[in-house]
1. Suppose all protein chains stay in the model; what accessible area per residue would a 1.4 Å probe give for the chain, in Å²?
2. Rg/Rh for the range 80-189 to two decimals, with Rh computed the Kirkwood way over all alpha-carbon pairs.
3. List every residue whose amide H lies under 5 Å from the amide H of Tyr15, counting only residues 5 or more places away in sequence or on a different chain, with H placed 1.01 Å from N in the peptide plane.
4. Based solely on its DSSP helices, what 222 nm [θ] is calculated for the chain when runs of n ≥ 4 H residues each add -39,500 (n - 2.57) and the sum is averaged over all residues, nearest 500 deg cm²/dmol?
5. Could you compute Rg(Cα) / (2.2 N^0.38 Å) for the chain, with N its residue count?
6. Apply the Karplus curve 6.51 cos²θ - 1.76 cosθ + 1.60, θ = phi - 60°, to the phi angles in the range 57-69 and return the couplings in whole Hz, x for Gly and Pro.
7. Sorted from largest down, what three extents in whole angstroms do the Cα atoms of the range 98-161 have along their principal axes?
8. Rounded to whole Hz and in sequence order, give me ³J(HN,Hα) for the range 11-18 from the Karplus expression 6.51 cos²θ - 1.76 cosθ + 1.60, θ = phi - 60°, writing x for Gly and Pro.
Amino acid sequence: MTENGVIIKGLGGLYTVAYQGKMFSCPARGIFRKDGMKPMIGDLVELAELNENDGTGVIHSILPRKNQLIRPAVANIDQVIVVMATKSPAPDLFLIDKLLLNARQKEIDIIMVINKTDQDPELAEEWYQEYRCAVPHILRVCTKDGFGMAELKALLDCKISVLAGQSGAGKSSLLNILMGTGIMATGEL
């Protein structure tokens, strides 16, 4: 008998699959390697051989994907949150534009977040003006003081979202605030 779950983490050939409010550690059947398909975070999967006592199972099959991104490697998402810092680190505009274009090509909703507005509010406003016509939802936020976080949380309601952007832009800090916990390690640049 198979049950449906969703992959929320993958590491070293083992996948953490959420199923009925519990987490299961599951390898994928070898048939996926033979078929050249690799399970991705966000995949809806059929599970077999579930053992609730030790929290294990096997990924039996991957259900059809509604979409997928290569970077970040995720499937079945509703929206991409592209995160850029105001100035530290200096925004990699090529990467940002590539993320925006890729999401648009895949018909995935986009939210752009200009983070670290406390570093240079005028520059944050410049970036906002630069991208406001290209992106349907663009927000200026600051994780240090919580500025703009309520508006961002409202846009996430009932959506499967992925954060993307360059290293140091504040993705982990945003996630910690959104989740209300320190689940992601953060550090200075």
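1. On the way: 10750 Å² over 189 residues.
Computed with neighbouring chains in place, this is 57 Å² per residue.
2. Details: Rg = 12.9 Å, Rh = 13.9 Å.
Across the range 80-189, the Cα-based Rg/Rh ratio is 0.93.
3. Cys26
4. Values: 5 runs with 45 residues, N = 189.
Counting only the DSSP helices, I get -6500 deg cm²/dmol.
5. Numbers: Rg = 18.4 Å, N = 189, 2.2 N^0.38 = 16.1 Å.
Rounded to two decimals, the normalised Rg is 1.14.
6. x, 9, 6, 7, 7, 9, 6, x, 8, 7, 6, 7, 10
7. Dimensions of the range 98-161 along the principal axes of its Cα atoms: 33, 27, 16 Å.
8. So the Karplus estimates, Gly and Pro as x, are 8, x, x, 10, 10, 8, 10, 8 Hz.
The values are calculated or read from the model by the stated rules, or taken from the named source; none is laboratory data. Keep in mind that this is a model prediction, so the values were computed, not measured. In this analysis, Cβ positions are derived from the backbone assuming ideal geometry, glycine residues included, and neighbour counts consider all displayed protein chains. Side chains are part of the model used for accessible areas, which takes the heavy atoms of the whole protein and leaves out ligands, DNA and RNA. Shrake-Rupley method; radii C 1.70, N 1.55, O 1.52, S 1.80 Å.
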